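Trainee: I am attaching a structure below and will ask some questions about it afterwards.
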Amino acid sequence: MSERQRILTGDTPTGNLHIGHWVGSVKRRVELQSQHECYFLIANLHAYTTRADDPQAIHQDCLEVARDVLAMGVDPNQASLFVQSEVPALAELTYLFAMLLPFNRVMRNPTLKDELQVKGLAENYSFGFPLYTVGQTADILAFRAHSVPVGEDQVPHLELTREVARRFNKMYCGVPDKAADEDHESLGGVFPIPVADVGRVGRLVGTDGQNKMSKSLGNAIQIIDTPKQVKKKIGKIYTGQDSRQPTDPGIIDPEKNPLFQYLDIFIDDESTKADIRDRYERGDHIGDGEVKMLVADAINELLEPMRARRAAYEDDAVVREVLLQGTAQANQACEKTLAMAKEAAGTGFFNRTFTLNPA
Ligand code: TRP
């Protein structure tokens, strides 16, 4: 099988997670953690791009995200879960990398442009807003990660990361101009050129059937929801037809009937799925309620072990201890890279070691 790779990915802390996060990213992380050296980042500095005036909330959100990710099955004995702001090498590399990127190149990033527009920031964004994209290149390269599991929207950031890595390796490590990406390391480059590992399921539609699942839109099933709340939310999904009877032919196109998107994703058994699709489409005595019940049960089955694990992380002190250990491991990896990068770039003069202490 494939060799053990270094993997880095992460999230900007937004508060409690929902099943859209599970489908879109956390599930994949749980699969990867047993086979690879995984680092999962809580990008709290990135949250300051838009919420610099709300530091307490960002601090709390970090703990909530950590708690939920742990509840979903990220295992601190296999992967390192860490806080961005407590890994100084990330900020230091950001400074160096910012010198390697033309300003216009940074501003051309389509994901960045989108965000500025969607958030209605026009000309009123901080210097740090575009800087976060450079910071993201540092998050990845500091680990000398090979692979970065992300959603489609993060691909432009990965492209920027690959450009920085190539430029650094050529400018400071003597990697020849025409070197192929996969040869950079063997030719003496500090940084492997990382690849984006784009998930198959990018986004889960919310229970409103309209928008991407999002807590702020009120269309999310959160992992802290009780079994009853899950049933209620699934019960409200619009199935594309008003007052459909069990004998009416139904719509099974997941684009038009979100219930069938949920069926596809949350019910594993292929023959059950095929049978339901077939009967529903023909109107063979199957009501919306029956399908909804099956989907709600499947989601509750998925959430059950998460609820149990979450209970074990209820105490902030337990979560903080996991973050402390993970952040110490992250620093160990990043300090090594930083020393190599400083040596190559001429900014290194001395050796250093430092340790994190619990608060
Ligand atoms: N920008 C990512 C998001 O908002 C979070 C992030 C920060 C990230 N640094 C990263 C993701 C490095 C992958 C790799 O979701």
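Trainee: Can you tell me the dipole magnitude for the stretch 156-199 around its Cα centre, using point charges on the Cβ only (Lys, Arg +1; Asp, Glu -1), in Debye to the nearest 20? Intermediate values should be presented prior to the final figure.
Mentor: Numbers: 5 positive and 8 negative charges, 43 e Å.
Roughly 200 debye for the stretch 156-199.
Trainee: Once amide H atoms are placed 1.01 Å from N in the peptide plane, what residues at a sequence separation of 5 or more from Asp197, or on another chain, have their amide H within under 5 Å of its amide H?
Mentor: Excluding prolines and chain starts, which carry no amide H, the hits are Val148, Val150.
Trainee: Can I ask one more? So what's the angle, to the nearest 10 degrees on a 0 to 90 scale, between helix 128-141 and the longest Cα principal axis of the chain?
Mentor: 80 degrees
Trainee: Tell me the Rg and the Dmax, in Å, that the Cα atoms of the chain produce.
Mentor: Computed over the Cα atoms of the chain, radius of gyration and Dmax are 22.7, 78 Å.
Trainee: Just the number, please: carbon plus sulfur as a percent of the accessible area of the chain, 1.4 Å probe, no ligands or DNA/RNA counted. Present the calculation step by step, with values, prior to reporting the outcome.
Mentor: On the way: 9270 of 18110 Å².
So the carbon and sulfur contribution to the accessible surface is 51 percent.
Trainee: Something else: Once Lys and Arg get +1 and Asp and Glu get -1 on their Cβ, which of Val322, Ala359, Ala298 lies farthest toward the positive end of the dipole of the stretch 237-359?
Mentor: It is Ala359, whose Cα lies furthest towards the positive end.
Trainee: Among DSSP beta bridges whose residues both lie in the chain, state the antiparallel percentage, nearest 5.
Mentor: Values: 2 of 18 bridges.
The antiparallel fraction comes to roughly 10 percent.
Trainee: Using +1 on the beta carbon of Lys and Arg, -1 on that of Asp and Glu, and nothing else charged, what's the dipole of the stretch 140-253 about the Cα centre, debye to 20? It would help to have the intermediate numbers written out before the result.
Mentor: Working: 16 positive and 15 negative charges, 124 e Å.
With Lys and Arg at +1 and Asp and Glu at -1, about 600 debye.
Trainee: Specify the inter-centroid distance of the stretch 87-163 and the stretch 240-298, based on alpha-carbon positions, in whole Å.
Mentor: Between the Cα centre of the stretch 87-163 and that of the stretch 240-298, the gap is 42 Å.
Trainee: Under a Cβ-only charge scheme (Lys and Arg +1, Asp and Glu -1), can you give me the dipole magnitude of the chain about the Cα centre, in debye to the nearest 20? Intermediate results must be reported in sequence, preceding the final value.
Mentor: Working: 40 positive and 51 negative charges, 116 e Å.
So the dipole magnitude of the chain works out to roughly 560 debye.
Trainee: Relative to the longest principal axis of the C-alpha atoms of the chain, give the angle of the C-alpha long axis of helix 316-345, reported between 0 and 90° and rounded to the nearest 10°.
Mentor: The answer is roughly 40 degrees.
Trainee: Got a sec? Charge dipole of the stretch 187-293, +1 on Cβ for Lys and Arg, -1 for Asp and Glu; which of Ser243, Val230, Ile286 is way out at the positive end?
Mentor: The residue sitting most towards the positive pole is Val230.
Trainee: Straight distance only, please: which lysines reach the Cα of Lys236 with their own Cα at less than 25 Å, same-chain residues fewer than 8 apart left out?
Mentor: Cross-link targets: Lys212, Lys215, Lys228, Lys256, Lys273, Lys292.
Trainee: Using only helices, what value at 222 nm comes out for the chain when you add -39,500 (n - 2.57) per DSSP H run of length 4 or more and divide by the total residues, to the nearest 500 deg cm²/dmol? Walk me through the intermediate numbers first.
Mentor: Working: 13 runs with 175 residues, N = 359.
It comes out at -15500 deg cm²/dmol, rounded to the nearest 500.
Trainee: Against the longest principal axis of the chain, how steep is helix 288-312, in degrees 0 to 90 to the nearest 10, with axes from Cα atoms?
Mentor: 40 degrees
Trainee: Give the accessible surface of the chain per residue, rounded to a whole number of Å², with probe radius 1.4 Å and ligands, DNA and RNA excluded.
Mentor: Solvent-accessible surface per residue comes out at 50 Å².
Trainee: Would you mind putting 17-27, 170-180, 281-291 in packing order, based on average other-beta-carbon counts within 10 Å, highest first?
Mentor: Sorting 17-27, 170-180, 281-291 by mean packing, highest first, produces 17-27, 281-291, 170-180.
The values are calculated or read from the model by the stated rules, or taken from the named source; none is laboratory data. Small disclaimer: the values here were computed from a predicted structure and weren't measured. Quick reminder, even Gly has a Cβ in these numbers, built from the backbone with ideal geometry, and neighbours come from all protein chains shown. Only protein heavy atoms, including side chains, enter the accessible area calculation; ligands, DNA and RNA are left aside. Shrake-Rupley method; radii C 1.70, N 1.55, O 1.52, S 1.80 Å.
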